[in-house]
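J.: I have a structure here, written as structure tokens, and I will follow up with some questions on it.
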Amino acid sequence: MEATEEQLILATGGYDHTIKVWQAHTGNCIKTMRFVDTSQVNALDRTPDKTRLAACGYQCIRLYDLESNSTTPVINFDGVQKNVTRLGFQEDGNWMFTAGEDHRVRIWDMISAPPHCSRVFDCQAPVNAACLHPNQVEIAMGSQNGGVYLWDVKSVAHEQLIPEMDASIQDVAISPDGHYMAAANNKGNCYIWSLNSSPSQQLSILKPKMKISAHSRYILRCKFSPDSRLLVTTSGDGTACLWKTEDFTKWRELSVENYWVWDVAFSADSKWLFTASSDGVARLWKLQTKSPERKYTGHTKAITALSFKDEIVAD
């Protein structure tokens, strides 16, 4: 089903302790929600039914209702330690995963009221990143000690890799077609593995494919496009670089000069890209022309997280 313009919602959050909800097609801010005065927003994700928005930061996870006029969270998750770095939802919204600097990735049962933690994986090092495999069973994780993990959430089965010594993994991503996994580090390198499933093994089989020297500085995010044809990496060098997954050569470079590009999100047709940067501006780029078509201005400090999960962004 093609989304109506009203459903084209972009959410952004940052160092100004606020979360803003925008009409993606106009650039109008339609709602501002207060986060936590002691934390920036590290990650955002909408529930699959698009009615709620989850946000995480230092010692906090909050869930907001997007359909009400309220700007306060409807759920505060209890017992969260240290910095919570990532979160995301299983495709039916039955559970949510979170990752954090307390070394743990948690599975939260979202059907129960209130939600509760039902499973925990200990990476034995602060976790910077986590993402869910399209098979909805495996979670990839990246830690500050350089470890990349793959965990079967229905069991204790897992695998650990260390692609580069003395480098912190800043983000991990798995392509929507399930063929590739990427892990990006604080030295500007992005590692690619091919993924294969086997009837005799619970976990996907990881095979090293290549190393991309993607950026001159710290990589902040890596994400695959919905059609799995592109990988984007963003960095403290002020760029978002797009790589063709057929051979992982560079296809495009988008520049926000003198600022860090903190986060990105593709449109459903893989032709548009949202970026969040340290100048406090989110931008919508038309990839074919490498030009920013729209700016979302209103944050007073760096935007560190964004979420966009909808159908088509119209011209």
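The values are calculated or read from the model by the stated rules, or taken from the named source; none is laboratory data. Since the structure is predicted, the reported quantities are computational estimates derived from the model, not experimental observations. Note: ideal-geometry Cβ built from the backbone for every residue, glycine included; neighbour counts use all protein chains shown. To get the accessible areas, we keep the full protein, side chains included, count just its heavy atoms, and leave off ligands, DNA and RNA. Shrake-Rupley method; radii C 1.70, N 1.55, O 1.52, S 1.80 Å.
J.: Just for region 298-315: of the residues that are modelled with pLDDT of 95 or more, surrounded by 17 or more Cβ atoms within 10 Å (Cβ to Cβ) and of a type outside the set (Ser, Thr, Tyr), which one is farthest from the chain's Cα centre (by Cα)?
T.: Taking region 298-315 as the starting set, the residues that turn out to be modelled with pLDDT of 95 or more are 298-308.
Within this subset, residues satisfying the condition of being surrounded by 17 or more Cβ atoms within 10 Å (Cβ to Cβ) are 298-299, 302-308.
Adding the requirement that they be of a type outside the set (Ser, Thr, Tyr) leaves 298-299, 302-303, 305-306, 308.
Values: Gly298: 22, His299: 20, Ala302: 17, Ile303: 14, Ala305: 8, Leu306: 8, Phe308: 10 Å.
Once the filter is applied, the top-ranked residue is Gly298.
J.: Looking only at region 226-239, count how many residues are in contact with a Ser or Thr (Cβ under 7 Å, 6 or more places away or on another chain), closer than 11 Å to Glu257 by Cα and not charged (D, E, K, R).
T.: Residues flagged as in contact with a Ser or Thr (Cβ under 7 Å, 6 or more places away or on another chain), closer than 11 Å to Glu257 by Cα and not charged (D, E, K, R) within region 226-239 amount to 2.
J.: Quick test for you: out of Leu195, Leu203, pick the one residue that is in contact with a Phe, Trp or Tyr (Cβ under 7 Å, 6 or more places away or on another chain) and farther than 29 Å from Asp237 by Cα. Steps first, please.
T.: Values: Leu203 fails: in contact with a Phe, Trp or Tyr (Cβ under 7 Å, 6 or more places away or on another chain).
Exactly one of Leu195, Leu203 is in contact with a Phe, Trp or Tyr (Cβ under 7 Å, 6 or more places away or on another chain) and farther than 29 Å from Asp237 by Cα, namely Leu195.
J.: From the set of residues in region 170-180 that are within 16 Å of the chain's Cα centre (by Cα) and in a loop (DSSP other than H, G, I, E, B), which is farthest from Ala129 (Cα to Cα)?
T.: Pro176
J.: Among (1) under 18 Å from Lys309 (Cβ atoms); (2) open to solvent by 20 Å² or more (accessible area, probe 1.4 Å); (3) within 18 Å of the chain's Cα centre (by Cα); (4) modelled with pLDDT of 95 or more, there is one condition Tyr15 misses while meeting the rest; what is its number?
T.: (1)
J.: What is the residue count in region 106-127 for residues that are in a strand (DSSP E or B) and among the hydrophobic types (A, V, I, L, M, F, W, C)?
T.: Filtering region 106-127 for residues in a strand (DSSP E or B) gives 106-109, 116-122, 127.
Of the ones still in play, those that are also among the hydrophobic types (A, V, I, L, M, F, W, C) are 107-108, 117, 120-121, 127.
Qualifying residue count for the region: 6.
J.: Further question: If the requirement is being in contact with a strand residue (DSSP E or B) (Cβ under 9 Å, 6 or more places away or on another chain) and closer than 21 Å to Arg221 by Cβ, which of these qualifies: Val156, Val80, Val120, Val172?
T.: So the residue among Val156, Val80, Val120, Val172 that is in contact with a strand residue (DSSP E or B) (Cβ under 9 Å, 6 or more places away or on another chain) and closer than 21 Å to Arg221 by Cβ is Val172.
J.: Still on this structure, I have one more. Search region 67-89 for residues that are closer than 21 Å to Ile139 by Cα and in contact (Cβ under 8 Å) with a residue 40 or more places away in the chain and pair each with any residue that is basic (Lys, Arg) and open to solvent by less than 60 Å² (accessible area, probe 1.4 Å) when their beta-carbon atoms are under 8 Å apart and the residues are at least 6 apart or on different chains.
T.: Between residues of region 67-89 that are closer than 21 Å to Ile139 by Cα and in contact (Cβ under 8 Å) with a residue 40 or more places away in the chain and residues that are basic (Lys, Arg) and open to solvent by less than 60 Å² (accessible area, probe 1.4 Å), the close pairs are Phe89/Arg46.
J.: Report whether or not Ile174 is open to solvent by 10 Å² or more (accessible area, probe 1.4 Å), among the β-branched types (Val, Ile, Thr) and more than 18 Å from Leu242 (Cα to Cα). Write out each step before concluding.
T.: Values: open to solvent by 10 Å² or more (accessible area, probe 1.4 Å): yes; among the β-branched types (Val, Ile, Thr): yes; more than 18 Å from Leu242 (Cα to Cα): no.
Criteria not met by Ile174.
J.: Please specify each residue of region 49-60 satisfying the condition of being in contact (Cβ under 8 Å) with a residue 40 or more places away in the chain and either among the small types (Gly, Ala, Ser) or outside any loop (DSSP other than H, G, I, E, B) (or both).
T.: Residues satisfying the conditions are Leu53, Ala54, Ala55, Cys56.
J.: Ok, one more. Considering only residues that are touching a Ser or Thr at 6+ places or on another chain (Cβ under 7 Å) and not in a strand (DSSP E or B), look in region 61-105 and name the one that is surrounded by the most Cβ atoms within 10 Å (Cβ to Cβ).
T.: Step by step, filter region 61-105, then rank; the result is Glu101.
J.: Which condition breaks for Ile212 when tested against (1) under 15 Å from the mean Cα position of the chain (by Cα); (2) among the aliphatic types (A, V, I, L, M); (3) over 24 Å from His25 (Cα atoms)?
T.: (1)
J.: Every residue in region 262-282 that is β-branched (Val, Ile, Thr) and closer than 17 Å to Asp237 by Cβ, please.
T.: Once the filter is applied, which keeps residues that are β-branched (Val, Ile, Thr) and closer than 17 Å to Asp237 by Cβ, region 262-282 yields Val264, Thr275.
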